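A short worksheet on the structure shown next.
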C-alpha cells in the first residue's frame, strides 16, 4: 500500500487528500459521462439513456466504496500493517451527495415520464 512505502503519503492527511482527489475525478468523469462531455443536458437525453447513465454512476460509487472497505478490512486483519485512519466522510462525502442528487433526478425523470 502506498501509505506504507511512500515518504509523502505516509500520513493520514496526505492519504485522505489523495483519496479526495480520486473521488473528485470520479465525480467529474460521471458528470462528463452524463452530459456527453457537456454537449447535452440530462433532461435532453432519451429516458432509457439517462436512467442507464445514472445507474452506471451510482454503481461506480458503490464499487468504489466496496473496494475501499475491502482493502481496509484486509489491512485490519493483517498484523503489523499500518492501519487505515482516513476520513471517510471527506473521501466519500462529495460522491455520496452527487449520487443522492442523481437518485432525485432518476425519481423526477421517471415520475415525469409516467405522467406523460
inquiry  = Using helices alone, I'd like the mean residue ellipticity at 222 nm for the chain: each DSSP H run of four-plus residues gives -39500 (n - 2.57), total over residue count, nearest 500.
reply    = -25500 deg cm²/dmol
remark   = Here the FRET efficiency for residue 111 versus residue 69, based on Cβ atoms and R0 = 25 Å and rounded to 0.05, is 0.15
key: Net lengthening on full extension, residue 81/residue 44 (0.36 nm per residue, minus Cα-Cα)   = 8.3 nm
note = Each label sits 7 Å from Cα toward the beta-carbon; between residue 5 and residue 31 the label points are separated, in nm, by 3.2 nm
query = FRET efficiency for residue 100 and residue 13, Cβ-Cβ distance as r, R0 = 22 Å, nearest 0.05?
reply = 0.25
message = I need the Debye-formula profile for the chain: one equal scatterer per C-alpha, no solvent, reported as log10 I(q)/I(0) at q = 0.21 1/Å, two decimals.
response = -1.12
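Coordinate-derived values only; no laboratory data. The model shown is predicted, which means the values in this text are computed figures rather than measured ones. Methodologically, a virtual Cβ is constructed for each residue, glycine included, from the backbone with ideal geometry; neighbour enumeration extends over all protein chains shown.
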